[in-house]
Ligand code: HEM
Ligand SMILES: [Cu+2]
């Protein structure tokens, strides 16, 4: 069949050229502008969540000093911090931000296939953020139910924010899911439909693979959160009893005869575990590309990497109940979920090995993005290993709800994805802005963040083994926790405040470089993938000028023997002697 | 959990597996290919988008149904009192079937370029869908006025919830139906009109199927 790229088929030609300032930068349908809108919004709420964590740390280190942090406030901070970080920062940033920016550029498309829906996706996301922020100002304040929102405590008096806060939270989540679905349908369809000539699925860069599979996970898993949110809203507002059991509240028995809180937990974690991978898979993909590019070596085991992403995505739907060991379950279920949890470690470990093997004998350039990528390998491996502990029922039971868990999940889905985000921002900043950032500041940012976060979370594992419980406003005096634990808490807090302040270096660097950075040429890292081959930097509306690119090879032709340059862009046709190389490879 | 959920999951896994084996076994570092023979699916993007949307809302309905079954399970809680369902649901089901048939008729008329038939069929399809929604509201009212009505009974809660979620999806469909009608009456972009009639019809059939499943579930429990 004669090939006509989607964007060039007449009846699907959607590119509305923006005319005014408003249509260009605000009400924009251009995926790059939408990506930046998503990015700025997500990072702004992320900063708020970081400030909340600083307040929590202050309270934990100096329990009697801050009279303005009440126990109720502490719960509210924990909850809002957790939810914002997981959903409104990381999910939105990886998929709405990087997904939007990278998919069309890396696949060789002019834009997303449904630009209008894409634009709506951002505005609906913004609405969900506004609703969430509004919950800080309603009577009773935001919900303090923990980011897991377990009923019945999340909607019965006693927990802060059960009047309005919880409703705002649930509604905001529902709105977020609508936004995500609009974006997600775009990402999936664009990857399937709008790739340029020659871009087979197996020639896509791993960043696109990670984002693509993560989006599929989101489309299948977010409905579980929607279902539980809707049912909880009804329990709260019109008195159904889906989740609320027969219960005494404030000394009075409520009308409910027997709802099932466990049902909520199943629904929540059926979403919640894939959510971990919604955040992790894009990070995996991005890290793979950063490592390969900055080590000037093809990614080790590309096909294995793709399969691992797909396998992890599939397996992530059958491990959810490892979050519910303490809720009690049939021992056979416990056995099943422990087993699947351990199995998922196999493809994950394959990925880590492949990153390390890519570095092996590579021509490593210690650029700022590369440092963040290598940092990611450390933190992720670390968090992954403690995950293996927690996946086992008998080990999890004593450690559950202690600081061991806090240390574990911050390593694996707090620090690691954030390092990937920073690495990615530094890596693509020249393409996004057309300017280089300041290397020295970038390196300071890396080392302080990397060492700083390590000194926050490593000691937490130790506290957890001592038995220090999580989600506690103050530990008070107990027999099993030695006083020295409090000294460690002070140390952790100092590190946390340091890490928070250090982020200023990042913002200063970015903002300063936007205006004063050295002008970037179109491919400063010598990368092979399509986004570095655009005619303009930053790419103009429509990305490619009059002609779409054509792809002749995979995304990892680095340091091909016998070539003058150490990279060959995907758009470069095979020449005579080049294909001899290929035959050579074939024989091996 | 439940055998049916497991079976559906297995089936999906097999289908996806077959797709993967077909597409993901290439060795991209070896191929010296001309780009012409390979590229994305030659299907309109909207159609792929709709199928992706189906995957998403199938997950949504499947989860609602799973929640329903788990909540019924006496091991979870024992306050489920079966209610008698409003008889009008049978009538509504018939109405929705007619609506779906009419949409199919519209699609056939479009294929055979029968403009008159197309307009009538579209109108019938939409009006019967509206009638279905009205009928569902009456069913809500009937249950509300019956002695079974007790919002704390999960059977009642789920009845409203499931019908509402299904109805909302149909209302969403009515928006597209409206746009399709607008295009058909204006008759400007034939190509695009054709696609939206096709997609609208597929969506209608999908929602009919979902309704059969939900209705069966409600009746049998
Ligand atoms: C500056 C970096 C950060 C610091 C200092 C920090 C600190 C904290 C603290 C003190 C808690 C409460 C522990 C407790 O009392 O139980 C917490 C909870 C949490 N954090 Fe972070 N955090 C940071 C970054 C992140 C990031 C990037 C994520 C993204 C995934 C994240 C996700 C969570 C979650 C999900 C919770 C649990 C909330 C709950 O228990 O309901 N944090 N964090
Ligand atoms: Cu999990």
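The numbered conditions (1) buried (at least 20 other Cβ atoms within 10 Å of the Cβ); (2) over 18 Å from residue A:556 (Cβ atoms); (3) away from chain B (no Cβ under 14 Å); (4) within 22 Å of the chain's Cα centre (by Cα) are all true for residue A:320 except (3). Looking only at residues of region B:49-66 that are in contact (Cβ under 8 Å) with a residue 12 or more places away in the chain and within 7 Å of chain A (Cβ to nearest Cβ), we find that the one that is nearest to residue B:216 (Cα to Cα) is B:64.
Annotation: residue B:193 fulfils all but one of (1) within 14 Å of chain A (Cβ to nearest Cβ); (2) crowded, with 18+ Cβ neighbours inside 10 Å; (3) farther than 30 Å from residue A:244 by Cα; (4) free of Cβ contacts under 8 Å to residues at least 60 places away in the same chain; the unmet one is (4).
Taking region A:450-475 as the range and being free of Cβ contacts under 8 Å to residues at least 12 places away in the same chain and more than 13 Å from ligand 1 (Cβ to nearest atom) as the test, only A:451 passes. All conditions but one from (1) within 14 Å of chain B (Cβ to nearest Cβ); (2) within 16 Å of ligand 2 (Cβ to nearest atom); (3) more than 23 Å from residue B:8 (Cβ to Cβ) apply to residue A:348; the one that does not is (1). Of all the listed residues (A:299, A:233), the sole one being within 11 Å of another protein chain (Cβ to nearest Cβ), in contact with a helix residue (DSSP H, G or I) (Cβ under 7 Å, 6 or more places away or on another chain), part of a loop (DSSP other than H, G, I, E, B) and in contact (Cβ under 8 Å) with a residue 40 or more places away in the chain is A:299.
In region A:82-96, is there at least one residue being modelled with pLDDT under 95 and in a helix (DSSP H, G or I)? Within region A:82-96, none of the residues are modelled with pLDDT under 95 and in a helix (DSSP H, G or I).
Would you point out the residue of region A:270-312, among those that are closer than 29 Å to residue A:243 by Cα and surrounded by fewer than 23 Cβ atoms within 10 Å (Cβ to Cβ), that is farthest from the chain's Cα centre (by Cα)? By that ranking, first place goes to A:272.
For region B:42-71, what are the residues that are touching a helix residue (DSSP H, G or I) at 6+ places or on another chain (Cβ under 8 Å), assigned to a helix (DSSP H, G or I) and under 30 Å from residue A:196 (Cβ atoms)? Correct list: B:45, B:46, B:47, B:48, B:49, B:50, B:52, B:53, B:54, B:55, B:56. Of all residues in region A:248-271, none are away from ligand 2 (no atom under 16 Å from the Cβ), more than 24 Å from residue A:234 (Cα to Cα) and touching a residue at least 60 places away in the same chain (Cβ under 8 Å).
Looking across region B:17-29 at every residue that is at the interface with another protein chain (Cβ under 8 Å from one of its Cβ atoms) and modelled with pLDDT under 75, the one that is surrounded by the most Cβ atoms within 10 Å (Cβ to Cβ) is identified as B:20. What residue, among those in region A:431-451 that are in a helix (DSSP H, G or I) and more than 22 Å from the chain's Cα centre (by Cα), is nearest to residue A:536 (Cα to Cα)? The selected residue is A:433. Within region B:163-186, identify whether any single residue is assigned to a helix (DSSP H, G or I), without any contact (Cβ under 8 Å) to a residue 12 or more places away in the chain and crowded, with 18+ Cβ neighbours inside 10 Å, and answer yes or no. No; the residues of region B:163-186 include none that is assigned to a helix (DSSP H, G or I), without any contact (Cβ under 8 Å) to a residue 12 or more places away in the chain and crowded, with 18+ Cβ neighbours inside 10 Å.
Here residue B:107 fulfils each of the conditions (1) surrounded by fewer than 19 Cβ atoms within 10 Å (Cβ to Cβ); (2) under 22 Å from the mean Cα position of the chain (by Cα); (3) modelled with pLDDT under 95 apart from (1). Would you mind stating whether residue B:41 is farther than 30 Å from residue B:160 by Cα, at the interface with another protein chain (Cβ under 7 Å from one of its Cβ atoms) and at pLDDT below 70? Answer is yes for this residue. Considering only residues in region A:323-339 that are away from ligand 1 (no atom under 16 Å from the Cβ) and more than 14 Å from every other protein chain (Cβ to nearest Cβ), the one that is surrounded by the fewest Cβ atoms within 10 Å (Cβ to Cβ) turns out to be A:331. Of all residues in region A:170-192, exactly one satisfies the criterion of being more than 20 Å from the chain's Cα centre (by Cα) and within 16 Å of ligand 1 (Cβ to nearest atom), namely A:170.
Within the option set A:474, A:485, being at pLDDT below 95, out of contact with any strand residue (DSSP E or B) (no Cβ under 9 Å at 6 or more places or on another chain) and surrounded by fewer than 16 Cβ atoms within 10 Å (Cβ to Cβ) holds for one residue only, A:474. Within region B:72-85, does at least one residue satisfy the condition of being out of contact with any strand residue (DSSP E or B) (no Cβ under 7 Å at 6 or more places or on another chain), touching a residue at least 24 places away in the same chain (Cβ under 8 Å) and part of a helix (DSSP H, G or I)? For region B:72-85, residues out of contact with any strand residue (DSSP E or B) (no Cβ under 7 Å at 6 or more places or on another chain), touching a residue at least 24 places away in the same chain (Cβ under 8 Å) and part of a helix (DSSP H, G or I): present. With the structure loaded, tell me whether residue A:210 is assigned to a helix (DSSP H, G or I), within 14 Å of chain B (Cβ to nearest Cβ) and touching a residue at least 24 places away in the same chain (Cβ under 8 Å) or whether it fails that test. It is false that residue A:210 is assigned to a helix (DSSP H, G or I), within 14 Å of chain B (Cβ to nearest Cβ) and touching a residue at least 24 places away in the same chain (Cβ under 8 Å). Report yes if residue A:372 is touching a helix residue (DSSP H, G or I) at 6+ places or on another chain (Cβ under 6 Å), in contact (Cβ under 8 Å) with a residue 24 or more places away in the chain and crowded, with 23+ Cβ neighbours inside 10 Å, otherwise no. In short, yes.
The values are calculated or read from the model by the stated rules, or taken from the named source; none is laboratory data. Everything numeric in this text was worked out from a predicted model, so none of it was measured. Note that each Cβ is placed from the backbone with ideal geometry, even for glycine, and that neighbours are counted across all protein chains shown.
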